[in-house]
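One structure below.
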Amino acid sequence: MLSGGLDSQLAVCVLRGQGCHVEGVVFDSPFFNIQAAHAASRNLSVPLQVIDFTADISELVAHPPHGFGGAMNPCIDCHARMIRRAGERMRELGWDFVATGEVLNQRPMSQNRRALDLVARESGFADCLIRPLSAQLLEPTRPELDGRVDRSRLLKLSGRSRHDQTALAAQYGLRDYPTPAGGCLLTERQFCRKLQDLKDHEGLGNPFDLARLRLGRHFRLPGGAKCIVGRNAVENQQLARQCRPDETLIRPLAVPGPTVILSAGASAPDLAQALGLAAGYCDAGLETVRLRCAGSGGLREVSVARLPRETARPWLL
C-alpha cells in the first residue's frame, strides 16, 4: 500500500532488499491526493495500481463503525477497508501478502498496538498482512511463518521520531519524499465544515458533489440553496465546466470576478443573494455589476448591487 510517504517507500525497499517482488496500490478519492504515490512509483520503479475508494470512504464517513478522529476522519475503519480492498486484489491476482508502511506508536490514536491489531482483524486479511518497518515488534503473520519473508530482516521501528527513517532513506538513496503530513482532507476542519454541510443537506452519495468540495468558497444560503464562488481564474474555469444543466451559472461581464454556481431548485431570494455574492466578489470598485445568468429560466443579463461580504459571512462554510 503505497501512499508515497517516506514510510511506505521504505517498506518497499525493505521487502525488495530480501528479494521480494513488490507492486504498489493506492486508493483514490476526492479526499486524498495520490500524486505522491505516482511520484514514488516512478522513483522506485514500482508498478502502481489505483483503486477507486470513493464509495468506500463515503460510506465510512456517513456511518463510521469506530467513530472519527479529530475531524471527520474515520481512520480505523478507513485503514481496515483499504487493507481489505488490497487483500481482495491480492487474492484476485495471486500475490502472497499485503504490506503497509505503518509504524507502531507513530500516531498515538491510529497506530498504537491496539489500533493496529483492530485494523488487521477488521480487514479480514490479518494473517496476510506485513508491516515491514515494525514487524519484529508485532506478532508474526503467515508469510513470515512459512518463510516467504525473512522476519529477521524486517525492522523494529517504534515511536514518533523520524531519525531512523531518515537514516534508512539515506541508506537506500531515497531523496524525493514528502514531509510528514496527513495528506487527507478529512483531517482538515475547514474542509470538514463543507463536508458536514453536504452530508446534512444533499448527502454523500454523489461523487461529483464530493469532488467539488475542493473548489471555491461554499455558501449555504438562508433559503437552503448551495452557492459556490470561484476564488481564482483556474477555479472559475473548472466551475464553468462542471456546472450541471439543472444548476445556475453566474459570470461577470466586462469586469474581473468569480464564476458562481447556484444549486438546482433555488428560490428567487436565493438567486438574488447568489447574484449579490457574485457582484460582491468582483474586483471592480463599482456599486453595481453587470452579470450573465444562465439557468432553468434561460440566459439573461442583469445589473446587480454588490452584496457586502460581511452580510454573507454567516453563510460561508
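The values are calculated or read from the model by the stated rules, or taken from the named source; none is laboratory data. Just so it is clear, the model here is predicted, and its values are computed rather than measured. When we count neighbours, we look across all protein chains shown, and the Cβ atoms used for this are built from the backbone with ideal geometry, even at glycine. Each accessible area value is taken on the protein alone, full model and side chains, heavy atoms only, with ligands, DNA and RNA left out. Shrake-Rupley method; radii C 1.70, N 1.55, O 1.52, S 1.80 Å.
Things to note:
- Loop-located GluC sites (Glu not before Pro) in region 260-314 (DSSP state not H, G, I, E or B) with no more than 16 neighbouring Cβ atoms inside 10 Å: GLU287.
- The phi torsions of region 139-154, fed into the Karplus equation with coefficients 6.51, -1.76 and 1.60 and a -60° offset, translate into couplings of 5, x, 10, 4, x, 6, 5, 8, x, 5, 10, 7, 4, 5, 9, 7 Hz, rounded to whole numbers, with Gly and Pro shown as x.
- Kirkwood hydrodynamic radius over Cα pairs of region 178-229, then Stokes diffusion coefficient at 4 °C and 1.567 mPa s, in µm²/s: 108 µm²/s
- Solvent-accessible area, 1.4 Å probe, carbon plus sulfur percent, for the chain: 50 percent
- Charge dipole (Cα centre; +1 on Lys/Arg Cβ, -1 on Asp/Glu Cβ; no other charges) of region 197-317 amounts to roughly 220 debye.
- Span from the region 27-75 Cα centroid across to the region 122-168 one, whole angstrom: 21 Å
- Placing unit charges on the Cβ atoms only, positive for Lys and Arg and negative for Asp and Glu, gives the chain a dipole magnitude near 640 debye about its Cα centre.
- Applied to region 250-265, the Karplus parametrisation 6.51 cos²θ - 1.76 cosθ + 1.60 on θ = phi - 60° returns per-residue 3J(HN,Hα) values of 10, 9, x, 10, 6, 9, x, x, x, 7, 10, 10, 10, 5, 5, x Hz, with x for Gly and Pro.
- Where only C-alpha atoms are counted, convex hull volume of region 204-264 per residue in Å³: 93 Å³
- In region 1-101, GluC sites (Glu not before Pro) in a DSSP loop with at most 15 other beta-carbon atoms within 10 Å: GLU23
- Estimated [θ] at 222 nm from DSSP helical runs (n ≥ 4, -39500 (n - 2.57)) normalised by residues in the chain, nearest 500: -11000 deg cm²/dmol
- For region 174-317, diffusion coefficient by Stokes-Einstein and Kirkwood Rh (Cα), 20 °C, 1.002 mPa s, µm²/s: 134 µm²/s
- For region 1-139, the relative contact order is 25 percent, taking Cα pairs closer than 8 Å that sit 6 or more residues apart in sequence and dividing their mean separation by the residue count.
- Taking only the C-alpha atoms of region 6-101, Rg followed by Dmax gives 14.2, 42 Å.
- Those aspartates and glutamates that a straight Cα-Cα span of less than 16 Å connects to LYS194, excepting residues fewer than 8 apart in one chain: GLU202, ASP209
- Rolling a 1.4 Å probe across the protein heavy atoms gives the chain an accessible surface of 49 Å² per residue.
- Rounded to 10°, Cα long-axis angle of helix 233-242 versus longest principal axis of the chain: 90 degrees
- If you take all other residues with their beta carbon under 9 Å from the beta carbon of GLN136, and give Lys and Arg +1 and Asp and Glu -1, the sum is +2.
- Size-normalised alpha-carbon gyration radius of the chain, reference 2.2 N^0.38 Å: 1.23
- Note on the chain: antiparallel DSSP beta bridges, both residues inside, total approximately 75 percent of the bridges counted.
- Counting every pair of alpha carbons in region 69-126, the share spaced more than 16 Å apart comes to 44 percent.
- Cα long-axis angle, helix 6-16 against the chain (0 to 90 degrees, to the nearest 10): 40 degrees
- Shown here is the pair-distance distribution of region 29-177: with all Cα-Cα distances grouped in 10 Å bins from zero up to the longest one, the shares run 10, 34, 42, 13, 0 percent.
- Kirkwood Rh, angstrom, region 100-217 [1 / mean 1/r, Cα pairs]: 17.3 Å
- Relative contact order of the chain, taken over Cα pairs closer than 8 Å and 6 or more residues apart, is 14 percent.
- Relative contact order of region 165-317, taken over Cα pairs closer than 8 Å and 6 or more residues apart, is 19 percent.
- Computed over the alpha carbons of region 134-190, Rg followed by Dmax gives 15.6, 48 Å.
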